[in-house]
Amino acid sequence: MFILSSNFNNLSHFYWLVNLLKLIETVKRSKIKYLLQSDLVDNQVNAKGWVRTKREGKNVTFIALNDGSTIKNIQIVVDMEKLPEATIKDINTGACISVNGVLVKSQGKGQSVELIAEHIEILGLADPEVYPLQPKKHSLEFLREIAHLRPRTNTISAIMRIRHNLAFAIHKFFNDKGFFYMHTPIVTGSDAEGAGEMFRVSTLDPKTPPLNEDGSVNYKEDFFGKETNLTVSGQLEAEVGAMSLGEVYTFGPTFRAENSNTSRHLAEFWMIEPEMAFYDLNDNMDLAEEFVKSIISYILDNCMDDLEFLDKRAADEEKNKPQNERNELGLIERMKFVVENEFERLEYTEAIQVLLNSKPHKKKKFKFPVEWGIDLQSEHERYLVEKHYKKPVILTNYPKDIKAFYMKQNPDGKTVGAMDILFPGIGEIIGGSQREENLEKLKTRMEEMDVPESELWWYLELRKFGTAPHSGFGLGFERMMLFVTGMGNIRDVIPFPRTPQNAEF
RNA sequence: UCCCCCUUAGCUCAGUUGGUUAGAGCGGUUGACUGUUAAUCAAUAGGUCCUUGGUUCGAGCCCAAGAGGGGGAGCCA
């Protein structure tokens, strides 16, 4: 490893070596992001990271090194005479190395600074015959199969950095507004949340579970003494927070055991659910719109390097699409457009009118019929958002029969105070409502919809004791990730996607 | 869960009406060359054609079942 041993033939070389070893010991590692924008030019520095490419020459070799701190690589310049051949041979794509040397102004074009290597230690080899991430284009499908290595690509690492920033922006938004972050349970004893199939949580032996006399499983002997599942929503518990702390939000994992095989669904995803006392439906919409705009702005303000890369990537993808499927705006343009424009707000009933008057309806292009009372299909939502209004749309006051039991019943007796925000290309990104705060009305609705009161006695007591108007909504974190990264498949915006038949890694 | 499509070299794909030694680009390896930018040029290695069964003189190609992947729909965030 002590590479200068061949030159170690007189006293000056000896001191040179001693000084170098001292430097290597004392120079602390700098992140590449910092080195690239730093004032450390002409200083001894250390960088550690993974080799992206190596361009070998007779006299000089160039290494593009990335440590994940930024999408940009630092260029390592290696004087072939300073390092042993064996070391250079082992510096392959994917290898992890530690480089000591002097940061200098670049002599070449394409980068402002570069690192002149004086010593390179190989921390981890990567055999090029078998390392799957070679410097060439890989499909996203292939990368999904190597989810443990894919964050070493430009695309996935950019997405993961944005993911962090988006999560941070969400916490910042709510914190700045005086909301409290509430941790609602992951294991839930209630199966009445009404948001789809659930994953069972049990410690019983699946082969020989204890049985009741009638042959059914005796869950009294299970860990919690009752049937338990992974949560499908933290909303009901968040309402407890709203009715005590005023304004709260949850941000945690959510599980749906639906057999959904689409580019917009995961079995395990993250959801943000604010819940606010004294907010009516309009207050709710105002908050949701401000929230969405705020977090998108944060990404625009703090992730431009990564956004520019993804913008270019998306533009390249667009070129392969047929003309009519192409986006009129690029990724960054779309984000700016959403931040700068008012969302279109209209009632469900008006939306049905718009659809009935639409060209595709008149030409019978819709697969599903349009009439008051239907749940809007993807094709209908897409028409409203992408063709008619060409911007995010907030739909309100849906028929009560297609919405959940807890939504505020409107005076007309037909609709409830729901609001969904529809985004271009993604569909429903937010679903929310004002909650029914009247105990009797809520009980009646639960009875009509076969929601067992016994399970939700505590939820009802929020209305029994000091009830108040309140509202809230849920935002699918990964759906927002789709929007701010321009990616098309939700499996590419979460580190380790869980979908039907897939829980690898 | 339903509909459609795909599965051939490490990756992305081509492969004619079923016919003899299965191809390309990228990547790898070797060499040349160069302050290079996913460098360039040359040579070279690399295949259980997803699996099982069937039809046929003969199957990468046709048929059936299964497995895996993708797109769309439903459910939803």
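The values are calculated or read from the model by the stated rules, or taken from the named source; none is laboratory data. Remember, predicted model here, so these are calculated numbers, not experimental data. Heads up, the Cβs are rebuilt from the backbone with ideal geometry, glycines too, and the neighbour counts pull from every protein chain shown. Side chains are part of the model used for accessible areas, which takes the heavy atoms of the whole protein and leaves out ligands, DNA and RNA. Shrake-Rupley method; radii C 1.70, N 1.55, O 1.52, S 1.80 Å.
Which GluC sites (Glu not before Pro) from segment A:263-338 combine a DSSP loop assignment with at most 13 other Cβ atoms within 10 Å? Before the final figure, lay out each step's value.
Working: sites: A:Glu268, A:Glu275, A:Glu289, A:Glu290, A:Glu308, A:Glu317, A:Glu318, A:Glu325, A:Glu328, A:Glu333; in loops: A:Glu328.
Here the sparse-neighbourhood loop sites are A:Glu328.
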Pick out, in residue order, every one of the GluC sites (Glu not before Pro) in segment A:363-433 that is DSSP loop and has at most 12 other C-beta atoms within 10 Å; say none if there are none.
-> A:Glu371
Of all the accessible heavy-atom surface of chain A, with the other protein chains kept in place and a 1.4 Å probe, what percent is carbon and sulfur?
-> 50
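Just the accessible area per residue of segment A:408-473, please: how many Å² with a 1.4 Å probe?
Numbers: 2840 Å² over 66 residues.
On a per-residue basis, segment A:408-473 sits at 43 Å².
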Rounded to the nearest 500, what is chain A's calculated 222 nm mean residue ellipticity when only DSSP H runs of at least 4 contribute -39500 (n - 2.57) each, over all residues?
-> -9500 deg cm²/dmol
Selection of GluC sites (Glu not before Pro), segment A:160-258, meeting DSSP coil and at most 10 other Cβ within 10 Å | A:Glu213
Whole-number D in µm²/s for chain A (Stokes-Einstein; Kirkwood sum over Cα pairs; 4 °C, 1.567 mPa s) = 49
With +1 on each Lys and Arg Cβ and -1 on each Asp and Glu Cβ, and nothing else charged, work out how big the dipole of chain A is about its Cα centre, in Debye to the nearest 20.
-> 2060
Projected onto the charge dipole of segment A:101-222 (unit charges on the beta-carbon of Lys, Arg, Asp and Glu, signs +1, +1, -1, -1), the Cα from A:Val187, A:Leu123, A:Gly110 with the largest positive-side position is that of A:Gly110
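If you stretched the chain out fully between A:Asp283 and A:Phe142, how much longer would it get, using 0.36 nm times the residue separation minus the C-alpha to C-alpha distance?
Values: separation 141, 0.36 × 141 = 50.76 nm, distance 4.48 nm.
Gain on stretching A:Asp283 to A:Phe142: 46.3 nm.
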TM-like helix rule applied to chain A (DSSP H, alpha carbon span at least 15 Å on the long axis, mean Kyte-Doolittle at least -0.5) gives A:11-26, A:154-176, A:281-302
